[in-house]
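Asker: Attaching a single structure in structure tokens format; questions to follow.
Bear in mind these aren't lab numbers, they're just calculated from the coordinates by the rules spelled out. Just so we're clear, the structure is a prediction, and the values are computed from it rather than from any experiment. Glycine gets a Cβ as well: all are built from the backbone with ideal geometry, and neighbour counts include every protein chain shown.
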Amino acid sequence: MDDFDETAQDPSRRPRLGSVTLSILIAVYILAVGNETFWSRAYTHLAAYPLALIAFVIGITAITIAAMTAFSVKYLIKPALIFFILVSVTAAWFTDQYGIVIDKEMIRSAAAATSDAAAHLITPAFLLHLILAGVLPSLFILWVRVVHRPFPQKFAWNMAVILPCLAVFAAAGLSFSQIYAAVGRLHRDIMLTFNPFIPIGSAALYMFPSEDDRKIERHLLGLDARQRSPSANGKPRVVVLVVGESARAQSFSLGGYVRETNPELKARGVVYYANATSCGTTTGVALPCMFSAYSRPQYTQRKGLETDNLIDILGHAKVKVEWWDNNTGSYNVANRISYRFLPDAADPRFCRDGECLDTALLDKLGEWLSRVKDDSILILHQNGSHGPGYYQRYPDDFRRFTPDCRTAEFGSCTQQEIVNAYDNTILFTDHVVAKVIDTLRQYGNSISTAMLYVSDHGESLGENGLYLHGAPYLFAPPQQTHVPIIAWLAPDFSAASKIDMACLAQKASEPASHDNFFHSVLGLMDVATDRYDAKLDLFAACRHTSVE
């Protein structure tokens, strides 16, 4: 028996459904259509315990019905159920297609993305999925006539459904609690694709930060920072920091990849750190973390926002710093220095549809170097290998690995075509970074130069069913956390800094990470501060005169 309205008449003869009946139907629909990845993971992790798996399905179904029924209230039920459907099928698309987990950090990255970058994800296949799986059921909800009891009876009837569902959920959980606890410890991702609750909760955490997180004030760090002495050769020190995007170490031939993706850098005699890891799996976490004074275990977004970063401390030491961006921004890292967002220029030589090839970063580099009079750092933030539109990250001259996926619709390409397109982005990054080195060499008579390249995070290309990046760090695959770090020092720079390049090459096989970035840059610029730790400076162990 369901809700009823004895006096209701509907001259349009629309079908009539009780509110609880509709809530149960939508709960079952969401579980069936919006949770393919969730059920797949549950089956994989619980297949060895069939009774526990059955109880898990029953418990999840019960709690979802209870949640939907809680919104079975006149004037609220239709917008609420439509909202849950649209969130579920939207999140399911990205989870099922790319293996993306919609957690708070993914929400943060999406919010920071430019409209052009986000547009690559809004493909015809996604829109068709949204219409068929989201819009059509929503139209059905709008069409049907929902009948309701008087409020006191409505409350009692809803609770007669919700309370037993909660009891079933609790019983299912308690019956196999040891199994669920053990599986949960081994596979902490098991609940992170549960739609629509995880995406909604993640969005709420992002949109409504705690009171403490809202009260963020800047705390100055490294006010004691100073350069010990001018460069020994009398020329200004200039370091170009190239921050890569979505470049995974697994695809760098400098690290042993079977394809030759780094021919130009190989010819430049760079030092390649083969065992480096990132601070995060999204730009929004990794970028501010690597520029912060904190190691990955210590870093939080709050600390990154409220304390001075590497750029600020370099400023305290009177080192001039400038940031050129061809990505989605600096994530507050470059708030207090000269900043150029290259896509705004829309230079037709490099740019189209609101995005630019990374050769735009090279265009004014020589001009900038010619004006340098003091110790300086230039940060070049690449668009790099940002997916899923890999084919848009390189010009036709760099379509070496073919056939390459020529769409952002991964479902339209084979995995090998996706890998080919991605490898072409690495080949193009190799070219761009090599040209940075060549340009630095051209100005070697007037300035003493060095280059440090590091990617913000890696990328999945279908391994274990995952694509792109952004997996929670705790269980992120190595493809998303193993990143390339590359160093090049002009001979006069290494000589003036007393850095033994043979020693660097020998130590490059040792573990490294984003934790080293902050201290290594300070070391290259010979900046003394109490925030500097020589043990984390990649170059300190190879200096003839140690930096304190």
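Asker: Take the Cα atoms of segment 16-207, build their convex hull, and give its volume per residue in Å³.
Answerer: So the per-residue hull volume is 130 Å³.
Asker: Right, next: Compute the acute angle (0 to 90°) between the alpha-carbon long axis of helix 177-186 and the principal axis of greatest extent of the alpha-carbon atoms of the chain; round to the nearest 10°.
Answerer: 30 degrees
Asker: Still on this structure: Percentage of Cα-Cα pair distances in segment 193-316 greater than 26 Å, rounded to whole percent?
Answerer: Everything past 26 Å amounts to 47 percent.
Asker: Viscosity 0.890 mPa s, temperature 25 °C: give me the Stokes-Einstein translational D for segment 232-286 in µm²/s, with Rh taken as the Kirkwood radius over C-alpha pairs.
Answerer: Once the numbers are plugged in, D ends up at 179 µm²/s.
Asker: Could you give me the ³J(HN,Hα) list for segment 520-529, computed from phi with Karplus coefficients 6.51, -1.76, 1.60 and θ = phi - 60°, whole Hz, x at Gly and Pro?
Answerer: Computed from phi, the couplings for segment 520-529 are 5, 5, 4, x, 4, 8, 6, 9, 9, 6 Hz.
Asker: Counting Lys and Arg as +1 and Asp and Glu as -1, what is the net charge of the other residues whose Cβ lies under 12 Å from the Cβ of T359?
Answerer: So the surrounding residues net to 0.
Asker: Just to be sure I understand the curve: with the Debye formula and one point per C-alpha of segment 348-415, what is log10 I(q)/I(0) at q = 0.29 Å⁻¹?
Answerer: Here the Debye-derived log intensity ratios amount to -1.36.
Asker: Tell me the net charge near L220. Cut-off is 13 Å between Cβ atoms, L220 excluded, with +1 for each Lys or Arg and -1 for each Asp or Glu.
Answerer: -3
Asker: Counting each DSSP H run of 4 or more residues in the chain as -39500 (n - 2.57), what helix-only mean residue ellipticity at 222 nm follows after dividing by all residues, to the nearest 500 deg cm²/dmol?
Answerer: About -13000 deg cm²/dmol.
Asker: Based only on Cα atoms, what Rg/Rh ratio does the chain have, Rh being taken as Kirkwood's radius?
Answerer: 1.06
Asker: Let me ask you something else. Suppose we keep just the DSSP beta bridges with both residues in the chain; what percent of those would be antiparallel, to 5?
Answerer: 35 percent
Asker: Evaluate the Kirkwood expression for the hydrodynamic radius of segment 73-170, namely the inverse of the mean inverse distance over all pairs of different C-alpha atoms, and round to one decimal in Å.
Answerer: 16.4 Å
Asker: Per residue of segment 496-511, what does 6.51 cos²θ - 1.76 cosθ + 1.60 with θ = phi - 60° give for ³J(HN,Hα)? Whole Hz please, x for Gly and Pro, Karplus curve as stated.
Answerer: Karplus values, whole Hz, x for Gly and Pro: 5, 8, 6, 9, 7, 5, 5, 5, 4, 4, 5, 8, 5, 7, 6, x.
Asker: Where does the charge balance sit around Y443 when Lys and Arg score +1, Asp and Glu -1, over other residues with C-beta under 13 Å from its C-beta?
Answerer: +2
Asker: Sort by residue number and report every cysteine in the chain with no other cysteine beta carbon within a distance under 4.7 Å.
Answerer: C165
Asker: Share of Cα-Cα pairs in segment 303-395 beyond 18 Å, in percent?
Answerer: Beyond 18 Å sits 51 percent of the P(r) for segment 303-395.
Asker: Hey, another quick one. Can you work out D for segment 257-312 in µm² s⁻¹ from Stokes-Einstein, where Rh is the Kirkwood radius over C-alpha pairs, the temperature is 4 °C and the viscosity is 1.567 mPa s?
Answerer: Result for D is 96 µm²/s.
Asker: Please list, in chain and number order, the residues 5+ apart from T277 or on another chain whose amide H is under 5 Å from its amide H, with Hs placed from the backbone.
Answerer: Residues meeting the criterion, in which the H sits 1.01 Å from N, are V483, A512, S513, H514.
Asker: Once you order the gyration tensor axes a ≥ b ≥ c over the Cα atoms, which shape class does segment 91-143 get: rounded for a/c under 1.5, otherwise prolate or oblate by comparing a/b with b/c?
Answerer: Prolate, since a/c reaches 1.5 and a/b exceeds b/c.
Asker: Students often get this wrong, so check it: of K373/K498; K303/K507; K320/K498; K104/K266, which have C-alpha atoms separated by over 28 Å?
Answerer: K303/K507; K104/K266
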